[in-house]
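**Student:** Take a look at this one; I'll ask things after.
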Amino acid sequence: MGYSGCRKMDVQERDYVQHLFGRHISRGQVRYLRCAHLDIYERDRQGCTVTDAVSGKRFFDCFSSAGCFNVGRGNPKIRETLERALDDWDMGSHRMLSEPKIRFAEKLASLCPGDLKKVVLCATGADACAAAIKLAKGATGRNDVITMDKAYHGHEGFSLSANGKDYYKELFLPLMPGFHVVPFNDLEAVRKVASKDTAAIVLEPVQGEGGIHVATREFMNGLRKLCDELGIMLIFDEVQTGFGRTGKLWGMEHYGLVPDIMFIAKSISGGFYPNGAVVYRDTERLTGYVEQNPLFHSSHSGGSDLGCIVSSAVLDYLAENKVWDHAAEIGARFKEGLMEIWRENSHVVREVRGLGLMIGIEYKYEFLGALMADCLAKQGVWAVYSGNAPQVMRFQIPVTAAMDEVEELLARIRAAVDSMKIYLVLLLPLAKVPLFRMALDNLKVQIIAFNLVRDLEEFVFKYVLKR
Ligand SMILES: Cc1ncc(COP(=O)(O)O)c(C=O)c1O
């Protein structure tokens with residue numbers, strides 16, 4: 001059976017698909033995407049871009065499904081590996097030993113620094129986060145975990161408890177006990193909470209959903225020292241910062257230090273077959289714990305045979321092409337281009353920051369994130385703001401992007417920022433009134449307002465311009 005999203009669709013078909021998606025999955029999600037012109041249907045997924053099945057318009061994918069497509073959309077090498085693997089393999093039984101599992105674990109460990117040599121196979125980022133925290137708790141026999149404000153490690157159990165945004169957690173209280181959230185890059189705050197009851201400190205070297213905040217060298221060094229002093233496990237979440245994203249293979253390499261445990265997911269899938277893993281130091285405490293408790297973590301799809309074959313191909317691809325050097329080079333040009341745009345718009349843009357190809361633009365007003373997503377979409381740029389920091393628009397194109405694509409993308413972003421100016425004439429004075437500012441920053445108000453504008457636009461196109 002063919003799927004309509006992979007061929008050209010007309011507007012009626014699109015409306016019907018939206019209706020069906022709303023009926024069977026979520027009307028809220030349709031409204032959310034539609035309000036910012038992000039309700040496209042991905043066709044022709046290639047490298048940095050996707051084509052909308054309805055309009056035929058080419059979009060730069062700056063979201064990359066929050067960092068899943070480092071090796072590019074539809075990477076032919078990875079696709080070929082998966083196609084070949086399908087001849088002989090399936091998921092495999094998660095309790096059985098297999099060559100793909102061994103090869104993946106060996107390859108992964110060989111690319112990790114220091115004595116990060118032992119692997120726990122996992123299914124997703126949240127699953128790997130849970131495994132990492134359970135390992136730290138088990139190996140130390142302690143309960144407390146320190147996590148960072150605005151952090152994002154997933155939406156389930158342990159990872160939700162480690163989330164740095166109350167909005168996601170409030171509905172589900174009480175969550176796991178013993179979690180303490182401290183401000184990012186604030187060593188004093190960590191010191192105040194850390195004790196001999198602390199099992200782990202968990203952080204992303206660069207916060208993704210938190211709004212592209214880069215950990216400082218002093219903070220990282222201080223954490224390493226504190227963990228060594230108190231016997232705490234330092235855990236790095238490399239789900240977004242890994243696989244060349246920041247201009248090094250792993251985000252941790254910017255700091256020249258090694259955590260006790262790290263976890264990965266997303267881009268290790270090659271964009272084709274989900275997978276995840278925890279890598280931990282081969283020490284008596286950690287390895288000893290796993291040897292004594294081999295079933296401390298388990299998932300039927302974690303480290304599936306097909307997943308491990310694909311993930312091994314991804315690691316080969318990254319290493320053979322040294323994609324991190326390429327990401328550093330084009331990331332530097334991309335950042336420079338965004339800084340120029342910032343300088344021209346410093347009345348609304350607070351900062352441009354990031355490492356490699358993990359870059360964010362922070363606005364002075366929260367509501368501008370939503371407005372920018374809309375203006376970018378109209379220019380053929382699919383980008384969203386950070387989940388835990390709506391004022392930060394983030395750009396995470398595949399690390400395989402070419403320099404001329406970066407130039408084209410910059411031109412489109414500049415056009416989008418220019419097109420925002422007309423709205424700013426009205427919105428900036430309104431934002432000075434606290435009540436209006438509150439309304440403008442409110443997600444529900446944004447969804448209603450932008451959907452009304454979209455309805456009006458479609459009405460004009462259909463009945464006035466007859467297109
Ligand atoms: C830094 C980070 N860690 C963990 C996760 C959770 O990954 P998953 O969606 O595979 O559960 C995400 C997902 O956005 C993430 O960005």
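The values are calculated or read from the model by the stated rules, or taken from the named source; none is laboratory data. Note that the structure is a prediction, hence the values are computed from the model and not measured. Because the Cβ atoms are built from the backbone with ideal geometry, glycine has one as well, and the counts that use them run over all protein chains shown.
**Student:** Among VAL290, VAL352, VAL279, which is more than 16 Å from the ligand (Cβ to nearest atom), modelled with pLDDT of 95 or more, assigned to a strand (DSSP E or B) and not polar (S, T, N, Q)?
**Tutor:** VAL352
**Student:** Then there's this: Pairs under 7 Å by beta carbon, first residue under 20 Å from PHE272 (Cα atoms) in segment 88-109, partner loosely packed, with under 14 Cβ neighbours inside 10 Å, six or more apart or different chains?
**Tutor:** Final answer for the pair search is HIS94/HIS300.
**Student:** Could you please find all residues in segment 403-450 being under 15 Å from GLU366 (Cα atoms) and charged (D, E, K, R)?
**Tutor:** Matches in segment 403-450: LYS432, ARG437, ASP441, LYS444.
**Student:** May I ask you to verify whether ASP127 is within 11 Å of the ligand (Cβ to nearest atom) and closer than 21 Å to TYR289 by Cβ?
**Tutor:** In short, yes.
**Student:** Let me ask something else about it. Can you find a residue in segment 254-266 that is in a helix (DSSP H, G or I), among the charged types (D, E, K, R), buried (at least 24 other Cβ atoms within 10 Å of the Cβ) and in the same structural domain as PRO100 (by TED's automatic domain parsing)?
**Tutor:** Checking segment 254-266: at least one residue is in a helix (DSSP H, G or I), among the charged types (D, E, K, R), buried (at least 24 other Cβ atoms within 10 Å of the Cβ) and in the same structural domain as PRO100 (by TED's automatic domain parsing).
**Student:** Would you confirm whether any residue within segment 302-323 is outside any helix (DSSP H, G or I), crowded, with 23+ Cβ neighbours inside 10 Å and more than 16 Å from the ligand (Cβ to nearest atom)?
**Tutor:** Taking every residue of segment 302-323 in turn, none turns out to be outside any helix (DSSP H, G or I), crowded, with 23+ Cβ neighbours inside 10 Å and more than 16 Å from the ligand (Cβ to nearest atom).
**Student:** Anything in segment 175-223 that is acidic (Asp, Glu) and either assigned to a helix (DSSP H, G or I) or at pLDDT 95 or above (or both)? List them, or say none.
**Tutor:** Listed by number, the residues that qualify are ASP186, GLU188, ASP197, GLU204, GLU218.
**Student:** List, please: which pairs have Cβ atoms under 6 Å, are six or more places apart or on different chains, and start with a residue in segment 160-183 that is within 20 Å of ALA199 (Cα to Cα) and end with one that is hydroxyl-bearing (Ser, Thr, Tyr) and at pLDDT below 95?
**Tutor:** none
**Student:** Where the second residue is among the aromatic types (Phe, Trp, Tyr) and the first is closer than 13 Å to ASN388 by Cα and lies in segment 204-226, which pairs have Cβ atoms under 8 Å and are six or more apart or on separate chains?
**Tutor:** Partner pairs satisfying both residue conditions: GLN207/TYR152; GLN207/PHE184; GLY208/TYR152; GLU209/TYR152; GLY210/TYR152; GLY210/PHE184; HIS213/PHE184.
**Student:** Considering GLY303, GLY270, GLY337, GLY276, which residue is in the same structural domain as GLY208 (by TED's automatic domain parsing), touching a Leu at 6+ places or on another chain (Cβ under 6 Å) and not charged (D, E, K, R)?
**Tutor:** Sole residue among the options that is in the same structural domain as GLY208 (by TED's automatic domain parsing), touching a Leu at 6+ places or on another chain (Cβ under 6 Å) and not charged (D, E, K, R): GLY303.
**Student:** Right, something else. Against the definition (more than 16 Å from the ligand (Cβ to nearest atom) and polar (S, T, N, Q)), how does THR246 come out, yes or no?
**Tutor:** For THR246, the condition - more than 16 Å from the ligand (Cβ to nearest atom) and polar (S, T, N, Q) - is not met.
**Student:** Out of all the residues in segment 148-168, is one or more away from the ligand (no atom under 14 Å from the Cβ), surrounded by 16 or more Cβ atoms within 10 Å (Cβ to Cβ) and more than 18 Å from the chain's Cα centre (by Cα)?
**Tutor:** No: zero hits.
**Student:** Only helices (runs of 4 or more DSSP H) wholly contained in segment 67-174 count here; list those with 1 or more residues that are of a type in the set (S, T, N, Q).
**Tutor:** Ranges flagged: 76-88, 99-110, 125-140, 157-161.
**Student:** Name the residue, out of LEU357, LEU376, LEU318, LEU306, that is under 30 Å from MET91 (Cβ atoms) and in contact with a helix residue (DSSP H, G or I) (Cβ under 6 Å, 6 or more places away or on another chain).
**Tutor:** Within the list LEU357, LEU376, LEU318, LEU306, the selection yields LEU306.
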